[in-house]
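Let me begin by presenting the structure, written as structure tokens, before commenting on it.
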Amino acid sequence: MTIRLPVVVAVAAVSLAACKTDDRPITGINQKPDFLTSAIVHQRYDGRSNDVLTGGLGASGLASSTAPAPADPLNPTATELRTLAIYNNYRALVDTSDGGGYGTLFGPQVGAGSSEGMIPGDEYLALMTLDDSDVPATVMLQVPDSFDPDNACMITAPSSGSRGIYGAIGTAGEWGLKKGCAVIYTDKGTGTGAFNLMTGAGQTLQGQTTTDATASLQFRPDLSASDIETFNTNWPDRFAVKHTHSQTNPEADWGQYVLKSIEFGFYVLNETYGEALPNGKIRVTLKPGNTLVIASSVSNGGGASVRAAEEDSRGLIDGVAVSEPNVNPTVETSFSIRQGSAAPITDHSRSLLDYTTALAVYQGCANLAPGVKDTAPFNGILNDFTVDDNICSALAAKGLVTGADTDARATDAQRILNETFGIQPEQNLVAPSHFGAAVAQSISMTYANAYGRFGVTDRLCGLSYAATNASTGAVEPLTEAAEATLFATSNGIPPSAGINQVYDAASGGPTNLKLSTSPSSGLQDYGLDALLCLRSLAQGSDAVTGAVLLDEQASQAQRIADGIDAIRASGDLHGIPTVIVTGRSDAILPINHTSRPYFGLNRTVEGKKSQLHYYEVLNGHHLDAFNAFAGFDERYIPLHRYYLEGLDRMYAHLTDGAALPPSQVVRTTPRGAGAPAITEANVPPIADSPDEADRIVFEDNEVRIPD
């Protein structure tokens, strides 16, 4: 339902953010932001039958292996979709297994005063657009009942990955709600919007699927009816997906989406707590000068908050606390990166698309490297070693790896990733599981399209999206039940929720990329030809021959390069106190191209004015949810625990003046054989005064990282 927000007279607020004095963007009479393109949908949750954090499931429901199911699978209600979305998004980011820290180190019930940790409060949901776009993003404010307008705080929670509006519910959302802060979410222009080109079905603001051509949808491709008819004739049963096909390069605006979400948060809070005037208007009482604002989240959401801090010219943000952020630092050749006594790394700051397309091409073969094949968790479960062997053979035939046999070729593929592309050796045992889960393959397709602003009809590199037959890989319609719950089950970047990557140029016809045979090799090799095409566009030359790209490919590569230039981070945080936590074993966002060079870039740009604190955690990787499974549970610790500590420390710094610890390597102890229950001894706190041997420093134009 849409509402006129309630008005409550509030007493004068006490400043938690005395460092901010610029209230210019939010003063005077409270006015609805002009970037909102829908009514605001308000829901009240009592904390018993339903709540703002767990969707009514409680801590035990989130940990259950049985997902909540709609009563009518073909017609789920908005409430059912919300609960399912919270369940899936929470579990995608947090390890909820026994012994992994859930319920002891983190989780809704920890420090909540109740076993289930359900939080009563209000939720406000709307669509918004930026000035130069007509593709909507979703924005949402959650206000727990514990929110105190006299000590107001707000936490940003842009979604991780390409997830929808609940994509940061288990990270920034949980921390902020438990702290009594308002939490402001945005899908930052990515989100789970999928559009069925055959039926015209898309998702509404609250996630329900509709074919109503007049409905306001999360995403509808900019195509005429005749264009769609022609496309469907040639490529039936395909989907357009928002992040991939919106033709907006949303990442270039991630910072602006976060800043706009903060403005939305202030608007709603003032409608609720602002001063009621006799003429029925509302005078602003909550504003940047008396409201603590921490920009936060993880992965893509963390990168979005970093970009928001860089672009914040109005004093909205007090501090930043993020984990494993997807930042693409501006390439700065004046500094290098050195770990221990190893040779310095000068070829840092490669773009996401650069290193990810390399992983998509080489990792399948590297899965078979000695020391990796039989050791890496999930390798023999998620990956077909016969296909991996075919990839090695196809790469060798193209001269991209050397070696007389599979072992030698796989070793060379691993060497290329580590030496040529700066992938840390600590990531080698994590990466095979990610290849099996199509992480690099899906990112390569999504971001190449997004950066180049390509639409669904462009079918870049012969790739599209559709449901496929499980055994043959042939395209087929998505089931009605699967489509009805896309909002709640999709992560926004196929393969996900029954929608797969399809290689339209595969031998034998359009086939699920994972099962496809490349025309050039005649082998089932995970559509290597398509992945090499994406690699060529990323590097700007033919990935096999090194030749200059011509004609259409040259134009496509230039469009992508321009898009990458638009998403580069400046490194200038304007002296805003910032905490970045990253795991050394991150196999999705390699640290030599993300957090490490961002630290160096920031020091280069800001010098002694920098307030960036960087904590690199040993035995931490990108996907904590994998720690619930054998092999991961013994080797890796929950990075989530350090993300929460980063937020705690930032809050204490901004409210009490507590010093932030120096940048450092954090040494953890894996659970080991049998994976006994984790304790605080496994994950010691970030040291207030770390040993000199553990400190991360920037000296003589070099980022120096201890082993």
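Only one of the numbered conditions (1) within 21 Å of residue 43 (Cβ to Cβ); (2) touching a helix residue (DSSP H, G or I) at 6+ places or on another chain (Cβ under 8 Å); (3) surrounded by 24 or more Cβ atoms within 10 Å (Cβ to Cβ); (4) not aromatic (Phe, Trp, Tyr) is not met by residue 128, and that is (3).
Within the stretch 477-500, being assigned to a helix (DSSP H, G or I), in contact (Cβ under 8 Å) with a residue 40 or more places away in the chain and of a type in the set (A, V, I, L, M) holds for 481, 484, 486, 488. Determine if the stretch 500-508 includes at least one residue that is under 25 Å from residue 85 (Cβ atoms) and either open to solvent by less than 30 Å² (accessible area, probe 1.4 Å) or touching a helix residue (DSSP H, G or I) at 6+ places or on another chain (Cβ under 8 Å) (or both). Checked against the condition, which is being under 25 Å from residue 85 (Cβ atoms) and either open to solvent by less than 30 Å² (accessible area, probe 1.4 Å) or touching a helix residue (DSSP H, G or I) at 6+ places or on another chain (Cβ under 8 Å) (or both), the stretch 500-508 yields at least one hit.
Residue by residue, here is whether (1) β-branched (Val, Ile, Thr); (2) open to solvent by less than 20 Å² (accessible area, probe 1.4 Å); (3) more than 28 Å from residue 100 (Cα to Cα); (4) touching a strand residue (DSSP E or B) at 6+ places or on another chain (Cβ under 6 Å) holds:
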site: 634; (1), (2), (3), (4): no, no, no, no
site: 653; (1), (2), (3), (4): no, no, yes, no
site: 665; (1), (2), (3), (4): yes, yes, no, yes
site: 693; (1), (2), (3), (4): no, no, yes, no
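If you go through the stretch 592-627 and keep only what is open to solvent by less than 20 Å² (accessible area, probe 1.4 Å), part of a helix (DSSP H, G or I) and among the acidic types (Asp, Glu), you end up with just 624. Scanning the stretch 485-496 for residues being open to solvent by 30 Å² or more (accessible area, probe 1.4 Å) and over 13 Å from residue 83 (Cα atoms) gives a total of 2.
Of the candidates 442, 471, the single residue that is over 14 Å from residue 236 (Cα atoms), without any contact (Cβ under 8 Å) to a residue 12 or more places away in the chain and out of contact with any Ser or Thr (no Cβ under 7 Å at 6 or more places or on another chain) is 471. Within the stretch 571-584, the set of residues being open to solvent by 10 Å² or more (accessible area, probe 1.4 Å) and either among the β-branched types (Val, Ile, Thr) or in contact (Cβ under 8 Å) with a residue 60 or more places away in the chain (or both) comprises 572, 574, 576, 577. Residues that are crowded, with 24+ Cβ neighbours inside 10 Å number at least 3 in the following strands (runs of 3 or more DSSP E) confined to the stretch 157-244: 182-186, 239-241.
Put simply, of 61, 99 the only residue that is surrounded by 15 or more Cβ atoms within 10 Å (Cβ to Cβ), modelled with pLDDT of 95 or more and at positive phi is 99. Given the condition more than 22 Å from residue 287 (Cα to Cα), touching a residue at least 24 places away in the same chain (Cβ under 8 Å) and open to solvent by 10 Å² or more (accessible area, probe 1.4 Å), answer yes or no: does some residue in the stretch 136-146 qualify? Yes - at least one qualifying residue is present in the stretch 136-146.
Table: residues versus (1) more than 18 Å from residue 221 (Cβ to Cβ); (2) in contact with a strand residue (DSSP E or B) (Cβ under 9 Å, 6 or more places away or on another chain).
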{"site": "443", "(1), (2)": "yes, no"}
{"site": "450", "(1), (2)": "no, no"}
{"site": "454", "(1), (2)": "no, no"}
{"site": "462", "(1), (2)": "yes, yes"}
{"site": "473", "(1), (2)": "yes, yes"}
{"site": "476", "(1), (2)": "yes, yes"}
{"site": "493", "(1), (2)": "no, yes"}
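Taking every residue in the stretch 67-79 that is farther than 21 Å from residue 53 by Cβ and pairing it with any residue that is part of a loop (DSSP other than H, G, I, E, B) and modelled with pLDDT of 95 or more, at least 6 positions away or on another chain, the pairs with Cβ-Cβ distances below 9 Å are 71/77; 73/485; 75/208. Candidates in the stretch 252-282 are the residues that are small (Gly, Ala, Ser) and part of a loop (DSSP other than H, G, I, E, B); of these, the one that is farthest from the chain's Cα centre (by Cα) is 280. Based on what the data block shows, is residue 79 in a helix (DSSP H, G or I) and open to solvent by 30 Å² or more (accessible area, probe 1.4 Å)? Yes: the conditions hold for residue 79.
Inspect the stretch 375-386 for any residue being out of contact with any helix residue (DSSP H, G or I) (no Cβ under 6 Å at 6 or more places or on another chain) and at positive phi and give the result as yes or no. No, because not a single residue in the stretch 375-386 is out of contact with any helix residue (DSSP H, G or I) (no Cβ under 6 Å at 6 or more places or on another chain) and at positive phi.
You will find that of 641, 603, 584, the residue that is closer than 28 Å to residue 441 by Cβ and charged (D, E, K, R) is 584 and no other.
The values are calculated or read from the model by the stated rules, or taken from the named source; none is laboratory data. All values derive from a computational prediction rather than experimental measurement. Here Cβ is always computed from backbone atoms with ideal geometry, including for glycine, and neighbour counts include all displayed protein chains. All accessible areas refer to the heavy atoms of the entire protein, side chains included, with ligands and DNA or RNA removed. Shrake-Rupley method; radii C 1.70, N 1.55, O 1.52, S 1.80 Å.
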